[in-house]
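Below is one structure; the comments refer to it alone.
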Amino acid sequence: MKKKTKTKKDFLNELRLLKRRISELEKLETDYKRSAKILLESEQRFHNIADFTYDWMYFIGADGKFIYVSPSCERITGYSPDKFR
């Protein structure tokens, strides 16, 4: 079997495709970073609200373990949030 030698046109087409793919990946990276920032800000807002509520808030995962326990648990139970995790 003979190898087909690539022409200059073939290389330029490959280069164009690679540049397009790099551009797509850079856009995905930008979108990911923006989404991660939005998620972090949302999580911070949640903690600001939940950490200062008077009521005891907690979330339990599917495995039955505490995911989040608000600081109010100490006022109600006498135990810090760390004791529930």
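FYI, it's all coordinate maths here, none of it is from the lab. Because the structure is a prediction, the values reported are computed rather than measured. FYI the Cβ positions are ideal-geometry reconstructions off the backbone, even for glycines, and counts take in every protein chain you see.
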- Task: Take the chain, drop everything but the C-alpha atoms, weight them equally and run the Debye formula without solvent; then report log10 I(q)/I(0) at 0.25 Å⁻¹ to two decimals.
- Result: -1.14
- Task: Based on the mean of other Cβ atoms within 10 Å per residue, sort peptides 65-73, 42-50 so the most packed one is first.
- Result: 65-73, 42-50
- Overall dimensions of region 7-50 by Cα: Rg and Dmax, Å: 19.1, 64
- Task: Please list, or write none, the aspartates and glutamates whose alpha carbon is within less than 18 Å of the alpha carbon of residue 19, excluding same-chain residues fewer than 8 places away.
- Result: 10, 29
- For helix 8-50, report the angle its Cα long axis makes with the longest principal axis of the Cα atoms of the chain; keep it between 0 and 90° and round to the nearest 10°. 10 degrees
